[in-house]
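A short worksheet on the structure shown next.
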Amino acid sequence: MLIKKPFAVKPSEITDRSVYMNRRKFMQTTSGFFLAGISSLVTAKTSEQQQGAGLAKLDYQATAAYSTDEEKTPYQHVTQYNNFYEFGTDKYSPAHEAQSLTTRPWSVTVEGEVAKPGTYTLEDILKPHALEERIYRLRCVERWSMVIPWIGFPLADLIKRFEPTSRAKYVEFTTLHRPEEMPGQKRRVLDWPYVEGLRMDEAMHPLTIMAVGLYGEVLPNQNGAPMRLVVPWKYGFKSIKSIVKIRFTEQQPVSAWTRTAPHEYGFYANVNPGVDHPRWSQARERRLGEFLKRKTLLFNGYADEVASLYTGMDLSKNY
Amino acid sequence: MSLSHIQFVKLVLFVVCLIPATVLGWNFYHDQLGANPFEALTRESGEWTLRFLLATLLMTPLRGVLHQSWPLQLRRMLGLYSFFYACLHLLTYLWFDQFFDWQEITKDILKRPFITVGITAWILLLPLAVTSTNSMMRRLGRRWKHLHRSIYLIASLGVLHFLWMVKADLREPLIYAAILLILLGYRVTKWWQKRAFSIAARQ
């Protein structure tokens, strides 16, 4: 059932569906095609803007301490402008290509340096965790950014359950590899499956979450359903989607993008305006919906929380 | 007043070539260019520049294959439209990407190879656009032909500019590269045939 925090949308503000449908019908039957077309466009826009698309609602708590109060990127931009190469390399393909992805049943294999390895069903993974809302900035390596209200839980809480051994220095994540449902995987644009990794302290950081939803609803497929990583101080490609494997290792994992272009994409991929991509500057970014570009912030504005993880490290070498 | 056949065709072509710019402008105005409309404008205007460059380069082979002269009469307009879309493309970069910060732009051009290549191609287009008039053609005589051969280099730089920008999926720029290769290959073959013929004639 719908249980929302009071700051979201007041029930009184939501147009009743029957009223909305009646109004549409009225518009379509009484006015000409042209008028009806325009007004239905307008109503569609306002009714969808700050809400989801009618996917299953989630129960969650808002966690103000970690959330930004910046203006959220509209739902339709968050869910229609996606980099998810498994469903095609242009931004607009994933929104329709990912509709065929089956996310139930789903299981996640846990292996490597842990006391409790095994294959867990998604339900087992999620069961003990209370969901929270975290409104985070997301900065893509391509110089655009969004503000997204994720629903998820701290990755640290999940990791603790598997009891990593003292030899677990890194965590490696793998995306589903299923070319029959992920048409992008039929071409070898990247070395499938997609792999990402974090250092153990990065993975255990309270800002790092496993997300299962956004805008109060379950994750749309194109945003990495049923479960994805969100690491807000790193470039978006680190936040791996549709995870099926979590492996704890002593060696630093090699990410999919690092394998493809090691001089362009390093293991850390921390947002840093002072360290350029070899082919473009990272000093500024376009927040979607804005005309003027913003200055990119060190660690995407999360320096107070995470800078201490990297003291003494040369960030231009460890890009 | 009545139009000759070719004048009519040119008029139609003039209007047709404006369609991409009009559609882009319309969609931009009506917020139909997706979540990142400025990026879309840059990308689309760039791709249309490449398409017009390839269309321009297609006219000579077309004349050879069809044994008709009309493709050459359309070549100048297509070439000028390449320049028009290249200017739009450059403008979107200067404005929406750099906001006319000339210091940043200079740094960007010098530091980023794909920008260097792109701006070089645009600069090389300038003299071609300026010397596209009939009087310039007459004044430059043989040199006009030599000068305008730089279009081969310009188109190649344009394709390289696209290839160099892409993150991982090279399919689209490679399609442009393949078409360019065919169009340039046609010329090389013709040139070889002519050379072989003139050598044979001399012997």
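The values are calculated or read from the model by the stated rules, or taken from the named source; none is laboratory data. Bear in mind the structure is a predicted one, so any value in this text is a computation, not a measurement. Note: ideal-geometry Cβ built from the backbone for every residue, glycine included; neighbour counts use all protein chains shown. SASA here: full protein model, heavy atoms, side chains in, ligands and nucleic acids out. Shrake-Rupley method; radii C 1.70, N 1.55, O 1.52, S 1.80 Å.
Any residue at all in the range B:6-19 that's within 14 Å of another protein chain (Cβ to nearest Cβ) and in a helix (DSSP H, G or I)? Checking the range B:6-19: not a single residue is within 14 Å of another protein chain (Cβ to nearest Cβ) and in a helix (DSSP H, G or I). Right, B:L163: in contact (Cβ under 8 Å) with a residue 12 or more places away in the chain, surrounded by 10 or more Cβ atoms within 10 Å (Cβ to Cβ), assigned to a helix (DSSP H, G or I) and more than 14 Å from chain A (Cβ to nearest Cβ) or not? Criteria not met by B:L163.
Looking only at residues in the range A:213-224 that are in a helix (DSSP H, G or I) and open to solvent by 10 Å² or more (accessible area, probe 1.4 Å), the one that is farthest from A:V271 (Cα to Cα) is A:N221. Every listed requirement among (1) of a type in the set (G, A, S); (2) farther than 26 Å from A:Y265 by Cβ; (3) under 18 Å from the mean Cα position of the chain (by Cα) is met by A:S166 save one, (3). Within the range A:225-240, does at least one residue satisfy the condition of being open to solvent by 20 Å² or more (accessible area, probe 1.4 Å), out of contact with any helix residue (DSSP H, G or I) (no Cβ under 6 Å at 6 or more places or on another chain) and assigned to a loop (DSSP other than H, G, I, E, B)? No, the range A:225-240 contains no residue that is open to solvent by 20 Å² or more (accessible area, probe 1.4 Å), out of contact with any helix residue (DSSP H, G or I) (no Cβ under 6 Å at 6 or more places or on another chain) and assigned to a loop (DSSP other than H, G, I, E, B).
In the set (1) of a type in the set (A, V, I, L, M, F, W, C); (2) open to solvent by 30 Å² or more (accessible area, probe 1.4 Å); (3) closer than 25 Å to B:Q98 by Cβ, A:M313 fails one condition alone, (3).
Determine whether B:Q103 is within 14 Å of another protein chain (Cβ to nearest Cβ), assigned to a loop (DSSP other than H, G, I, E, B) and either within 30 Å of B:Q193 (Cα to Cα) or out of contact with any Leu (no Cβ under 8 Å at 6 or more places or on another chain) (or both). Answer is no for this residue. Among the residues in the range A:197-212, are any touching a strand residue (DSSP E or B) at 6+ places or on another chain (Cβ under 7 Å), over 22 Å from A:T63 (Cα atoms) and open to solvent by less than 30 Å² (accessible area, probe 1.4 Å)? Scanning the range A:197-212 turns up at least one residue that is touching a strand residue (DSSP E or B) at 6+ places or on another chain (Cβ under 7 Å), over 22 Å from A:T63 (Cα atoms) and open to solvent by less than 30 Å² (accessible area, probe 1.4 Å). May I ask you to verify whether B:A121 is under 13 Å from the mean Cα position of the chain (by Cα) and open to solvent by less than 50 Å² (accessible area, probe 1.4 Å)? So B:A121 passes the test. Out of the residues in the range A:56-79 that are open to solvent by 60 Å² or more (accessible area, probe 1.4 Å) and free of Cβ contacts under 8 Å to residues at least 40 places away in the same chain, state the one that is farthest from the other protein chains (Cβ to nearest Cβ). Out of the qualifying residues, it is A:A65.
The residues on offer are B:T49, B:T22, B:T56, and the sole one that is away from every other protein chain (no Cβ under 14 Å), surrounded by fewer than 19 Cβ atoms within 10 Å (Cβ to Cβ) and among the hydroxyl-bearing types (S, T, Y) is B:T22. Each residue in the range A:257-308 was checked for being of a type in the set (D, E, K, R), within 14 Å of chain B (Cβ to nearest Cβ) and open to solvent by 70 Å² or more (accessible area, probe 1.4 Å), and 3 of them qualify.
Output yes when any residue across the range A:95-107 is basic (K, R), within 22 Å of A:V218 (Cα to Cα) and in contact (Cβ under 8 Å) with a residue 12 or more places away in the chain, and no when none is. Taking every residue of the range A:95-107 in turn, at least one turns out to be basic (K, R), within 22 Å of A:V218 (Cα to Cα) and in contact (Cβ under 8 Å) with a residue 12 or more places away in the chain. Residues in the range A:284-319 that are among the acidic types (D, E) and not in a helix (DSSP H, G or I): A:E285, A:E290, A:D314. Among residues that are within 13 Å of chain B (Cβ to nearest Cβ) and out of contact with any Gly (no Cβ under 9 Å at 6 or more places or on another chain), A:D90 is included. Of all residue pairs spaced 6 or more apart or on separate chains, those with beta-carbon atoms under 7 Å, a first member in the range A:272-298 that is free of Cβ contacts under 8 Å to residues at least 12 places away in the same chain and a second member that is in a loop (DSSP other than H, G, I, E, B) and crowded, with 16+ Cβ neighbours inside 10 Å are A:D276/A:Q282.
Applying the set (1) surrounded by fewer than 18 Cβ atoms within 10 Å (Cβ to Cβ); (2) among the β-branched types (V, I, T); (3) more than 19 Å from A:Y194 (Cβ to Cβ) to A:T103 leaves exactly one unmet item: (3).
Within the range B:34-46, residues that are without any contact (Cβ under 8 Å) to a residue 40 or more places away in the chain and facing chain A (nearest Cβ under 9 Å) sit with their Cβ atoms under 7 Å from residues that are assigned to a helix (DSSP H, G or I) and among the hydrophobic types (A, V, I, L, M, F, W, C), at 6+ positions apart or across chains, in these pairs: B:G34/B:A40.
When the range B:175-193 is limited to residues that are exposed (fewer than 15 other Cβ atoms within 10 Å of the Cβ) and within 30 Å of A:P278 (Cα to Cα), the one that is nearest to the other protein chains (Cβ to nearest Cβ) turns out to be B:I175.
Here B:S82 does not qualify as assigned to a helix (DSSP H, G or I), closer than 25 Å to A:H77 by Cβ and touching a residue at least 40 places away in the same chain (Cβ under 8 Å).
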